[in-house]
Amino acid sequence: MYHARFRKSHYEAGFNWGSLLYKRGKFISDNHTFVITNKRREFADKCIPIYEKYYPEILDEIKGLADGQGGKYEDFYTFLLSMYCFEFNNHCTCFTFFDDRNIIFARNSDFLVSLEKLYMNCLYKLDGGYIFNGNTTAFIEMEDGINEYGLAIGLTFVYPKVIREGFNSGMLVRYILEKCKTVNDAIEFLQKVPIASQQTLTIADATGEIAVIECNFNNVKVIRHQKDGNFVVSSNEFKHEKMKCFNNYDIDSWNADERYEVAYKALKENKDRFSFTLARDILSGKYGFMCQYDRKKDADTVWSVIYDIKNKEIHRAEGNPARKKFKKDLRMKFNES
């Protein structure tokens, strides 16, 4: 994983990262996933006014990145704003739980082995935003993270049956990490912003509030707890009764239902033994299929993360957690207020 720090203004953060890569002879547009089509460009152009209204600084960061790379701003925002809305296929599992001793958020990121050297861990400290530590397969957007106030969030992608111009999954996570302190703050934002893609967002905060939000262009459904305990689970399928009609069962979901059931069953049967160790063992596949992919098929868990919110700790395995150890990341200082 790359490890990057982003400081100052959004434009400067984007420019500094883009120019650093440029000086090393690395061009984001050379990546085979950097796909620009007329359909995606037309879609991204329709999204621009929404970002200008709700999150204009992220457009500054994209502009800075494009300038630093010596590329076209239009190509970079087309690629980023249309992501998760067409053919972007990452497959992940999230869960979070709490009791008197623990508030734990856990996530496996499952994606392409061929790109694993490009994945990033990012520490952001930008003007006008909260400090956060996040992980991503796509610069600027985030797939999971925790901010200085102990708000942790992660996405799982649901292949879209419907799309509408708005924020995509990675931008929703990025905004919430940078602008929200609590689960309720995040839900309030999701209920007002136009949403482009289909996803679940699993969220936990320092008060012990947890939720899975299943959402798309005109639906925001909140699952606060499972009936079997103080936990929630998500994979790459909607579970809310009013959202199941938006699942696309013709798409390979990389065992999404099995991963969901394994995590759910393990948490249900161990609801009196919640711990960091339990989260680690579930992510590592000790309770059933979770990360046991065949790397020869270009699929694997490419990182795994546990945010121990109660103790303000970040633990990350940079690779498949069945083979890689979790290491504590001490770089981010949490807000003590």
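Derivation of every value follows stated rules applied to the coordinates shown; laboratory data play no part. Predicted, not measured: the structure shown is a model, and the values here were computed from it. All Cβ positions, glycine included, derive from the backbone under ideal geometry; neighbour counts span all protein chains shown.
Along the Cα-to-Cβ line of Arg5, 7 Å from the Cα, sits a label point; which residues in the stretch 111-133 have backbone N less than 20 Å from it?
Residues passing the 20 Å test: 120-133.
Once both axes come from the Cα atoms, what is the angle between helix 38-54 and the longest principal axis of the chain, in degrees from 0 to 90, rounded to 10?
The two axes meet at around 80 degrees.
Considering only Lys63, Lys72, Lys297, give the residue with the highest GNM mean-square fluctuation for the chain, with springs between Cα atoms whenever their separation is below 10 Å.
Its mean-square fluctuation being the largest, the pick is Lys297.
Which lysines have a Cα less than 16 Å from the Cα of Lys297, not counting those fewer than 8 places away in the same chain?
By straight Cα distance, Lys297 reaches no lysines at all.
Using a cut-off of 19 Å between alpha-carbon atoms, which aspartates and glutamates can reach Lys8, once sequence neighbours fewer than 8 places away in the same chain are excluded?
Glu57, Asp60, Glu61, Asp67, Asp127, Glu141, Glu148, Glu178
Can you give the Rg to Rh ratio of the stretch 46-172, both from alpha-carbon atoms, with Rh computed by the Kirkwood formula?
Using only Cα positions, Rg/Rh for the stretch 46-172 is 0.97.
Tell me the mean residue ellipticity at 222 nm calculated for the chain from its helices only (DSSP H runs of n ≥ 4, each -39500 (n - 2.57), averaged over every residue, nearest 500). Intermediate results must be reported in sequence, preceding the final value.
Details: 8 runs with 95 residues, N = 337.
So the calculated ellipticity at 222 nm is -8500 deg cm²/dmol.
Can you pull the three principal axis extents for the Cα set of the stretch 247-337, in Å, largest first?
Projected onto the principal axes, the Cα atoms of the stretch 247-337 cover 48, 31, 26 Å.
Roughly how many whole Å is it from the C-alpha centroid of the stretch 18-90 to that of the stretch 251-292?
What the calculation gives is 34 Å, centre to centre.
Report the full-extension gain for the segment Thr277 to Ile48: residue separation times 0.36 nm, less the Cα-Cα distance, to one decimal in nm. Could you put the intermediate results ahead of the total?
Working: separation 229, 0.36 × 229 = 82.44 nm, distance 4.35 nm.
Computed gain between Thr277 and Ile48 is 78.1 nm.
Go ahead and run the numbers for FRET between Asp250 and Asn218, Cβ-Cβ distance against an R0 of 30 Å, rounding to 0.05.
Working from the Cβ atoms, E equals 0.85.
Picking from Gly166, Gly128, Gly25, which is most flexible by a Gaussian network model of the chain using Cα springs under 10 Å?
In the Gaussian network model the winner is Gly25.
Most exposed first by the Cβ proxy, i.e. fewest other Cβ within 10 Å, how do Asp272, Asp205 rank?
Details: Asp272 7, Asp205 27.
Starting with the residue having the fewest Cβ neighbours, the order is Asp272, Asp205.
Can you tell me the Rg and Dmax of the stretch 2-81, counting just the alpha carbons, in angstroms?
Answer for the stretch 2-81, Rg first and Dmax second: 12.6, 35 Å.
Students often forget the sequence filter, so: which aspartates and glutamates lie under 12 Å Cα-Cα from Lys63 once same-chain residues fewer than 8 apart are removed?
Candidates past the 8-residue exclusion: Glu12, Glu74, Asp75.
Which entries in the list Lys221/Lys310; Lys310/Lys333; Lys46/Lys72; Lys296/Lys324; Lys271/Lys312 go over 24 Å, if you measure between the two C-alpha atoms of each? Show your work: numbers first, answer last.
Details: Lys221/Lys310 26 Å; Lys310/Lys333 14 Å; Lys46/Lys72 18 Å; Lys296/Lys324 18 Å; Lys271/Lys312 22 Å.
Result: Lys221/Lys310 exceed 24 Å.
Cut-off 10 angstrom, C-alpha nodes, Gaussian network model of the chain. Which of Leu59, Leu115, Leu80 fluctuates the most?
In the Gaussian network model the winner is Leu115.
For Asp294 and Arg331, what is the calculated FRET efficiency with R₀ set at 41 Å and r taken between the beta-carbons, to the nearest 0.05?
It comes to 0.75.
Please compute the volume of the convex hull spanned by the alpha-carbon atoms of the stretch 143-281 and report it per residue in Å³.
Enclosed volume per residue, from the Cα hull, is 107 Å³.
Can you give me the three principal axis dimensions of the chain from its C-alpha atoms, in Å, biggest first?
Answer, in whole Å and largest first: 54, 42, 42 Å.
Distance in nm between label sites at Asn38 and Arg101, each 7 Å beyond Cα in the beta-carbon direction?
For the pair Asn38/Arg101, the computed spacing is 6.2 nm.
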